[in-house]
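The values are calculated or read from the model by the stated rules, or taken from the named source; none is laboratory data. The model shown is predicted, which means the values in this text are computed figures rather than measured ones. Cβ coordinates were reconstructed from backbone atoms using ideal geometry, including for glycine residues, and neighbour counts include every protein chain displayed. SASA here: full protein model, heavy atoms, side chains in, ligands and nucleic acids out. Shrake-Rupley method; radii C 1.70, N 1.55, O 1.52, S 1.80 Å.
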Amino acid sequence: MNKTEFTARLQRVRDQIHAACRKAGRSPDEVTLVAVSKTHSADTVLTAVSAGLQHFGENRVEEATGKIAQVRQLADRPVTWHMIGHVQSRKARDLPGWFALVHSIDTTRLADKLSRALAESGQTMDVLLEMNVSGEASKAGFAAHNWRSSETIRTQLAGALDAVARLPNIQVRGLMTMAPIAEDPETVRWVFADLRELRDWLARSTGIALPELSMGMTDDFPVAIEEGATLIRIGRALFGERGLQPGSDSEASR
Ligand SMILES: *Cc1c(COP(=O)(O)O)cnc(C)c1O
């Protein structure tokens, strides 16, 4: 994609961010646009950087680190990288040095491995806990469906948050979720509202501040912003439809 086309797409997304913020009485400064560059080349990232974007999200460690190394050599300004996809705990040691924020901490085991890897290399990292609010079996994340009605779930979630927050070299900054795929984003508004209310409850009951809410993708980000998103993860609206890459299954490239 050339820079002119990318700039036009970026402007459309920014207009939608502004409109959603206006509707919700929020400032656009409260919403960070994370451009999801998975399946796209380092060149495409550089085009986006030259158009003014700073934050990029990737969902696979190997793909990301190669791309990040290339972009670091060639970009004329700093780029901030976000890991947004499922990470196997044995891959935790590959994260330090590459990502500023991991959105997808979905087990305490992964957080523990990451903390150890960070301590070994003398680094720190911000993380979000991924919550499976929708209850879909296909989704990663801590089981959070029915948190309102289930004291067991609430106790488990508060315990997991507390355990991760105690780990050295890791700073928990908030929560992340993915809504089900839906034709009409209004039908998934409850998922975003639920994540915000779960955040409020967890922050109150643990005393741990959780300022960040990572929620909203191409098909539903205006609704997520209305419900309090501080990080939105946008792929297709910026870069176009992703073709199926060789060797990737549909879930990995979705
Ligand atoms: C791919 C992906 C996105 C971006 O999805 P689009 O629909 O292309 O905007 C956001 N979050 C996660 C976790 C993803 O894997």
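Data for the structure
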| item | result |
| --- | --- |
| Computed [θ] at 222 nm, deg cm²/dmol, the chain (DSSP H ≥ 4; -39,500 (n - 2.57); rounded to nearest 500) | -13000 deg cm²/dmol |
| Within a Gaussian network of the chain (alpha carbon springs, distance under 10 Å), most fluctuating of A69, A224, A144 | A69 |
| Fraction in percent of alpha-carbon pairs per bin - 10 Å, segment 143-254 | 13, 37, 32, 16, 2 |
| Apportionment of accessible area to carbon and sulfur, the chain, percent (1.4 Å) | 47 |
| Cα gyration tensor shape for the chain, rounded if a/c is under 1.5, else prolate or oblate | oblate |
| Residue-normalised accessible area of the chain, given per residue in Å² at a 1.4 Å probe | 46 |
| GluC sites (Glu not before Pro), loop per DSSP, at most 10 other Cβ atoms within 10 Å - longest free stretch of the chain | 1-182 |
| Length-normalised contact order of the chain in % [C-alpha pairs under 8 Å, at least 6 apart] | 19 |
